Amino acid sequence: MIGYLFVGLFYIAILIFVVGVLVRIFNWARAPVPLNICTPLGQQKSLDWLPRARFDSPYTKWETFVRMLGEVFLFRSLWKNTKYYIETQRQTATKWLWLFAIAFHWSLLIILLRHIRFFTSPIPDWILLLQSLDGILEVGRPELHMVTILVTNLTILLGLFGLLGRRIVGAKERAISLPSDWLALILIIATVGSGIIMRYFWAVDIEGVKRFAIGIVTFNPVLPPLDLFFLTHLTLVSALLIYFPFSKLVHAAGILFSPTRNLPNNPRAVRYINPWNPPYTGISWEEYYEMYKDQLDEIAERGYKVGGGG
Amino acid sequence: MEEEGKIKIEQRFPNWSDLLKPITEKDFKKGIYHYPARKSDWEGAPLPPVYTDFNPLEKDWHLPEGWKETFLSKMDEFRKKYRELFVWMDICVRCGACADKCHYYLGTGDPKNMPVARAELLRSIYRRYFTWQGKIFGKWAGARDLTEDVIKELYYYLHQCSQCRRCSVFCPYGIDTATIVWIGRELLTHIGIGHRFSLISIAACLRSGNHLGLSPMGMAGSLESAAEDIKEITGVDIEVPINKKGVDILFVAPSGDYFATPHWFTLMGYLMFFHELEERYGITYTWSTLAGEGGNFGTFYTYKCAQDMNGKIYKEAKRLGVKWIIGGECGHMWRDKHQFMATMHDIPDNLEEPVNPITGTYFENAKSTKMIHILEFAADLIKHNKIKLDKSRNNHWKVTMHDPCNMARGMGFFEEPRYVVRSVCNYFYEMPEHAIREKTYCCGSGAGNLADEVMDLRMRGGMPRAMAIRYVHRLYGVNYLATICAIDRAAFTALLKYWKLQPPVMHGGIFELVGNALILSDEDKERELDLRGEPLLKEEEVKEAVEEVVTAPTKEYVCELCGAVFTDLDECCEHAEKEHKIAKAACDMVCGEKR
Ligand code: HEM
Ligand code: SF4
Ligand code: SF4
């Protein structure tokens, strides 16, 4: 009986996640971007012989696309981070935030991809390859017992605790952290934690999990194994899926809609159109002439010029 | 910091829930809060017909009937009109990467001046009224009610942003607090709250064509006296065309250039440059009195103001029948010309795609708007050796360059000015890397903050920039700050003096340097003065002056952190950077002369 509850919960969570994110995207996409407000972070295209920053100041769609790839996969903007010490007026480059963020996100991506092994049968080769690459770290005494430690399990913890630590230690970060910021991190840490416990410390019925997972994707539900840690993990994942569309976590989709980064720096070459551009109501030459008739006539009398020794 | 002894930066971080609480008029600081708009200016601008007459220091701001509903309905309208607002309200993760990037935060230490906190001022309202989480969980979801105090806070902090976009450089999603502030200021106008300094200029510009409200003859007179000044220094008679039809080029400059000092010398540079092109190549141009303002204070106020202000340029280009347009040295003007103008107006069909008739260079990057920067044009001419220059006439200047925020992060304009500066003077030094190019620091007075009543804010906000200038001044003896922005040229006068840099560090436009170096074909006497009327250095004097800089630091420098001794300040700085992670910009904190 309790098994059905979890099947239901998981389906609902997936549904909320998918619909929620789509609605978000739909709402954003419906709003126009009135101006090309690209933030160029390098030399624009102008004279051919000037060295130009192709991907910081993209001119074509293709260059803009590469810029976005850099943002999404390498967090290039965070890479540029600096720290300013107000007391002493010092300024240095800092990469901590970048490091934690990239460690967390890449590990998360790989971990999610590895989860595909539960939902497929047979398991695609590239997943298996990913799995074995991830598991290059082995500890233990060779003659007795070896444990494969997945690299991403370590790096995701590094990333998550790094991000959490920043918010605890940094005065600025602490002041701007809202409860929802803590919630997101703690939710993910708990999810990751329950997963890691299952992997290394608490044997679960992997066969049962796999049957359940395949049941989910084939719409042929099979009840999950009634295992404390697995059910906790499943509940946390569902909570995360439900929480995702309604929180800052939608930044994953939102970054693609950020006009400072996804527009090319070419508004002088290609006219950018604002769909709601209002009509011009400023001054016209006629009104202006009316106002300053005498003076404008005087300039005309002088032959439209001043100076020249005359 | 002590030596200036005037600014004290206090930092105190509240917890998240205190940060959500609005400040009130009691917390407004003199020198930081702006004066409200005057009724006459309000009425001269395309703003909603609800003017609020308020005194920022009084409790009751006399907000109009139903202000709350108006504000919220406009906010709803704007998020549907501006995707950037909508997306950015939703996705900020409060990572704080932007926090210590804002010069106002650095200078005031006020946590609400962190860009993320500035955006949260609006975001918290957005959450409360437009998301269910905010409606249900209130404060716990980071939401807060829209009260009169919140409006006060918005007024206070939205005008402590110079829309420099520096925060946007470091944000992983490119969230541009400047744009949020822009939209926020427009929101305030819908409940009648206006900003005096911006609106004075906007209203004047809509009436007279320029921010200063100069009449056509006022402008003509100015240009005439600049021509006279040139005559005095070079002996050449210069004719300045105004409102002339049928010429090749319409030239548009910020009005500060023909009115203020040190802008004036830049204006002289423009006039000499165009005169030379006409003499040598028969290229004709004209000024326009109606399109006598390149700047556009609307670009940081409201969309409609911006639109009504930049429209006149295409209108005049059409009426005068020119082929294309060149723009002068100004920062926010170019954000407008690069990103806004052609979207807001139809491009007149008499304009042609800009091709330099002298070199044949096709300015593909401006093929739609038909407007190029005078430095793009000059760089092209210099590259092809089409104008004669005598660099040594700028030998009395050791130059560094300040990238104006809008030229940098609104346009990506870095190499053209540098190429020109290097071509017209012998001594050019860069400020430290975190303070130039796309990471450039604001002068502290942009986007309406040039008002006198916010002098404290300006001097504080300009501090990171001033520190970087001080660095190159001490290290290389820099005595000229080149900047291609009219606001800067006005702002640095106060800033450099405040930070005890001026004199000796003077500031001005790049075209002043071009004007100095430019050899006019009809110039027959040896120049003895630069455009400022200062004597040029003779060959021998140059050598001496240079040697002085090169030899001066034979003294010894000591690193105060470890006691290491160097014969060269540069080396000491490098050491400090390597060993103690002290940015070069701040090297003077640890490297001192050995006593
Ligand atoms: C296109 C995909 C994504 C990109 C480009 C991206 C980028 C970023 C960046 C640059 C940060 C800021 C640095 C930081 O605060 O750590 C961040 C934060 C964060 N991301 Fe993502 N992200 C993506 C997907 C996701 C996904 C799918 C999730 C999770 C379920 C997620 C969860 C988080 C969380 C919780 C934080 C906040 C960390 C903190 O509170 O300090 N992200 N993301
Ligand atoms: S850098 Fe961007 S995401 Fe991070 S706090 Fe600032 S605005 Fe928000
Ligand atoms: S745009 Fe500039 S002034 Fe405004 S918040 Fe960002 S860094 Fe500060």
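The values are calculated or read from the model by the stated rules, or taken from the named source; none is laboratory data. Computed from a prediction, not measured in an experiment: that's the story for all the values here. Positions of Cβ are generated from backbone atoms using ideal geometry, with glycine treated the same way; all protein chains shown enter the neighbour counts. These accessible areas exclude ligands, DNA and RNA; they are computed on the full protein's heavy atoms, side chains included. Shrake-Rupley method; radii C 1.70, N 1.55, O 1.52, S 1.80 Å.
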Odd one out for B:ARG166 among (1) closer than 28 Å to A:ILE102 by Cβ; (2) within 16 Å of ligand 1 (Cβ to nearest atom): (2)
Within the group B:ARG123, B:ARG128, which residue is without any contact (Cβ under 8 Å) to a residue 24 or more places away in the chain and either surrounded by fewer than 24 Cβ atoms within 10 Å (Cβ to Cβ) or more than 9 Å from chain A (Cβ to nearest Cβ) (or both)? B:ARG128
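Quick check on my filter: what residues within the stretch B:11-37 are of a type in the set (A, V, I, L, M, F, W, C) and within 14 Å of chain A (Cβ to nearest Cβ)? Steps first, please.
Keep residues of the stretch B:11-37 that are of a type in the set (A, V, I, L, M, F, W, C), which gives B:13, B:16, B:19-20, B:23, B:28, B:32, B:37.
Matches in the stretch B:11-37: B:PHE13, B:TRP16, B:LEU19, B:LEU20.
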Consider B:CYS171 carefully, then state whether it is open to solvent by 10 Å² or more (accessible area, probe 1.4 Å), more than 7 Å from chain A (Cβ to nearest Cβ), hydrophobic (A, V, I, L, M, F, W, C) and within 13 Å of ligand 3 (Cβ to nearest atom). no
Unmet requirement for B:TRP61, which otherwise passes all of (1) touching a helix residue (DSSP H, G or I) at 6+ places or on another chain (Cβ under 7 Å); (2) open to solvent by less than 10 Å² (accessible area, probe 1.4 Å); (3) assigned to a helix (DSSP H, G or I); (4) farther than 30 Å from B:GLY311 by Cα: (3)
Selection from the stretch A:246-260 of residues that are in contact (Cβ under 8 Å) with a residue 24 or more places away in the chain, under 19 Å from A:PHE65 (Cβ atoms) and either open to solvent by 20 Å² or more (accessible area, probe 1.4 Å) or more than 16 Å from ligand 3 (Cβ to nearest atom) (or both): A:ALA253, A:GLY254, A:ILE255, A:LEU256, A:PHE257
Just need a number here: residues in the stretch B:223-232 that are crowded, with 21+ Cβ neighbours inside 10 Å and more than 7 Å from chain A (Cβ to nearest Cβ). 2
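Tell me yes or no: at least one residue of the stretch A:231-244 is in a loop (DSSP other than H, G, I, E, B) and either out of contact with any helix residue (DSSP H, G or I) (no Cβ under 7 Å at 6 or more places or on another chain) or among the hydrophobic types (A, V, I, L, M, F, W, C) (or both).
In the first step, residues of the stretch A:231-244 are kept if they are in a loop (DSSP other than H, G, I, E, B); the result is none.
For the stretch A:231-244, residues in a loop (DSSP other than H, G, I, E, B) and either out of contact with any helix residue (DSSP H, G or I) (no Cβ under 7 Å at 6 or more places or on another chain) or among the hydrophobic types (A, V, I, L, M, F, W, C) (or both): absent.
Can you name every residue in the stretch B:80-114 that is outside any helix (DSSP H, G or I), within 10 Å of ligand 3 (Cβ to nearest atom) and within 7 Å of chain A (Cβ to nearest Cβ)?
Quick first cut of the stretch B:80-114, residues outside any helix (DSSP H, G or I) only: B:82, B:92-98, B:102, B:109-110, B:114.
If we keep only those that are within 10 Å of ligand 3 (Cβ to nearest atom) too, we end up with B:98, B:102, B:114.
Correct list: B:MET114 only.
Could you list, in sequence order, all residues of the stretch B:146-165 that are basic (Lys, Arg) and under 18 Å from B:LEU450 (Cβ atoms)?
Quick first cut of the stretch B:146-165, residues basic (Lys, Arg) only: B:152, B:165.
Across the stretch B:146-165, the qualifying residue is only B:ARG165.
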Filtering the stretch B:372-387 down to residues that are closer than 23 Å to B:PRO254 by Cβ and at the interface with another protein chain (Cβ under 7 Å from one of its Cβ atoms) yields B:GLU376, B:ALA379, B:ASP380
All positions within the stretch B:5-43 that are buried (at least 19 other Cβ atoms within 10 Å of the Cβ) and of a type in the set (D, E, K, R): B:GLU25, B:ASP41
What do you reckon, is B:GLY138 on the phi > 0 side of the Ramachandran plot, within 16 Å of ligand 1 (Cβ to nearest atom) and not hydrophobic (A, V, I, L, M, F, W, C)? no
Based on what the data block shows, is B:LEU501 in contact with a Leu (Cβ under 9 Å, 6 or more places away or on another chain), over 22 Å from B:HIS275 (Cβ atoms), in contact (Cβ under 8 Å) with a residue 12 or more places away in the chain and in a strand (DSSP E or B)? no
Among (1) modelled with pLDDT of 90 or more; (2) within 14 Å of chain A (Cβ to nearest Cβ), the one test that B:GLU2 misses: (1)
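Just to confirm my filter: which helices (runs of 4 or more DSSP H) fall fully inside the stretch A:39-137 and include at least 3 residues that are aliphatic (A, V, I, L, M)? If you could, list the steps in order and put the result at the bottom.
On the way: elements: A:61-69, A:76-79, A:96-114, A:116-119, A:125-134.
It comes to A:61-69, A:96-114, A:125-134.
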Quick one: what pairs do we get from the stretch B:73-87, first residue at positive phi and not assigned by TED's automatic domain parsing to the domain that holds B:THR177, second open to solvent by 10 Å² or more (accessible area, probe 1.4 Å) and among the aliphatic types (A, V, I, L, M), C-beta under 9 Å, 6+ apart or different chains? none
Return the residues of the stretch B:142-168 that are among the hydrophobic types (A, V, I, L, M, F, W, C), within 14 Å of another protein chain (Cβ to nearest Cβ) and within 10 Å of ligand 3 (Cβ to nearest atom); say none if nothing qualifies. B:CYS164, B:CYS167
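Among the residues of the stretch A:184-202, count how many are free of Cβ contacts under 8 Å to residues at least 24 places away in the same chain and surrounded by fewer than 15 Cβ atoms within 10 Å (Cβ to Cβ). Show your work before the answer.
We begin by selecting, within the stretch A:184-202, every residue free of Cβ contacts under 8 Å to residues at least 24 places away in the same chain; these are A:186, A:193, A:201.
Adding the requirement that they be surrounded by fewer than 15 Cβ atoms within 10 Å (Cβ to Cβ) leaves A:186, A:201.
Total meeting the criteria: 2.
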Evaluate the following for B:ASP110: is it more than 16 Å from ligand 2 (Cβ to nearest atom) and either open to solvent by 10 Å² or more (accessible area, probe 1.4 Å) or at pLDDT 95 or above (or both)? yes
